[in-house]
Amino acid sequence: MELAVLNTQGKETGRKVTLSDAVFGVEANDHAIYLDVKQYLADQRQGTHKSKQRNEVAGSTRKLKRQKGTGGARAGSIKSPLFPGGGRIFGPVPRDYRFKLNKKLKQLARRSALTYKAQANAIIALEAVKLEAPKTKTMVAIAEALKVSDKKVLLVLPEGNANLQLSCRNIPYVQPVLAQNVCTYDVMNASAVVLVEGAENVLNTMLA
């Protein structure tokens, strides 16, 4: 699959980039995508949630009333989960939500996500952008020229570009990421994937 390379004005430069069919044209596996996205979201959880059980709340342990003869249910402590201010039954405790996935499955998930974007014609190739200083206005103009200013954009860079990355910092709909760090969640969460020239080679090599 070939894509025409666009310049910062949104016009074709006459050059083309090749997207490998082994990465952008595979048979998509929805379950692999599901597992990889699930792992990504699980990794974002802090797992610091905590509620107090009956042995941790403040309160007397005195038996509230006699065991029999009151006509009501027996009650042993004001800290019982049945009373206001008592402990919580089976409440959350700190835990680690992370889980392991095999490398081949994660690669399949990324290939599947990129294939879906390629099938939807949601991938754009952009020529290398060189900025002398961070400039948000410049990035907004580029997004408008590429007609993606109304979409969630994943800007994939072949290598670090500090000025370009800083220029995207105040644009909520543009997320810059290095090609080597592209994950399934980012691809699926984006409406348009903009590959800066050279990023396709990194993806072709990394995921083929």
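The values are calculated or read from the model by the stated rules, or taken from the named source; none is laboratory data. Quick caveat: nothing in here was measured; it's all calculated off a predicted structure. For neighbour counting, all protein chains shown are included, and Cβ atoms are generated from backbone atoms with ideal geometry for every residue, glycine included. Just so you know, the surface numbers come from the protein's heavy atoms only, side chains and all, with ligands and any DNA or RNA stripped out. Shrake-Rupley method; radii C 1.70, N 1.55, O 1.52, S 1.80 Å.
If only one of Arg95, Arg62, Arg66 is open to solvent by 60 Å² or more (accessible area, probe 1.4 Å), touching a Gly at 6+ places or on another chain (Cβ under 7 Å) and in a loop (DSSP other than H, G, I, E, B), which one is it? So that I can check it myself, show each step before the final result.
Working: Arg62 fails: touching a Gly at 6+ places or on another chain (Cβ under 7 Å); Arg66 fails: touching a Gly at 6+ places or on another chain (Cβ under 7 Å).
Of Arg95, Arg62, Arg66, the one residue that is open to solvent by 60 Å² or more (accessible area, probe 1.4 Å), touching a Gly at 6+ places or on another chain (Cβ under 7 Å) and in a loop (DSSP other than H, G, I, E, B) is Arg95.
If I ask for residues that are more than 28 Å from Lys103 (Cα to Cα), open to solvent by 100 Å² or more (accessible area, probe 1.4 Å) and in a loop (DSSP other than H, G, I, E, B), which ones from region 1-30 would you list?
If the condition is that a residue be more than 28 Å from Lys103 (Cα to Cα), open to solvent by 100 Å² or more (accessible area, probe 1.4 Å) and in a loop (DSSP other than H, G, I, E, B), then Gln9, Lys11 are the ones that fit.
State which residue is farthest from Thr184 (Cα to Cα) when the search covers only region 87-122 and only residues that are polar (S, T, N, Q) and out of contact with any Asp or Glu (no Cβ under 9 Å at 6 or more places or on another chain).
Top of the filtered list is Asn121.
Out of (1) open to solvent by 40 Å² or more (accessible area, probe 1.4 Å); (2) in a loop (DSSP other than H, G, I, E, B), the odd one out for Ser77 is which?
Against the list (1) open to solvent by 40 Å² or more (accessible area, probe 1.4 Å); (2) in a loop (DSSP other than H, G, I, E, B), Ser77 comes up short only on (1).
Under the condition of being open to solvent by 100 Å² or more (accessible area, probe 1.4 Å) and either in contact with a strand residue (DSSP E or B) (Cβ under 8 Å, 6 or more places away or on another chain) or among the polar types (S, T, N, Q) (or both), which residue from region 31-47 is nearest to Gln107 (Cα to Cα)?
Only one residue fits best here, namely Gln44.
What's the total number of residues in region 134-173 that are assigned to a loop (DSSP other than H, G, I, E, B) and in contact with a Lys or Arg (Cβ under 6 Å, 6 or more places away or on another chain)?
Of region 134-173, the ones assigned to a loop (DSSP other than H, G, I, E, B) are 134-135, 146-152, 158-161, 168-173.
Now drop any that are not in contact with a Lys or Arg (Cβ under 6 Å, 6 or more places away or on another chain), which leaves 173.
Of the residues in that region, 1 qualify.
Name every residue in region 154-168 that is open to solvent by 10 Å² or more (accessible area, probe 1.4 Å), touching a residue at least 40 places away in the same chain (Cβ under 8 Å) and aliphatic (A, V, I, L, M), in order of residue number.
None; the set is empty.
Mind checking which residues of region 35-54 are farther than 30 Å from Ser149 by Cβ and assigned to a helix (DSSP H, G or I)?
If the condition is that a residue be farther than 30 Å from Ser149 by Cβ and assigned to a helix (DSSP H, G or I), then Leu35, Lys38, Gln39, Ala42, Asp43 are the ones that fit.
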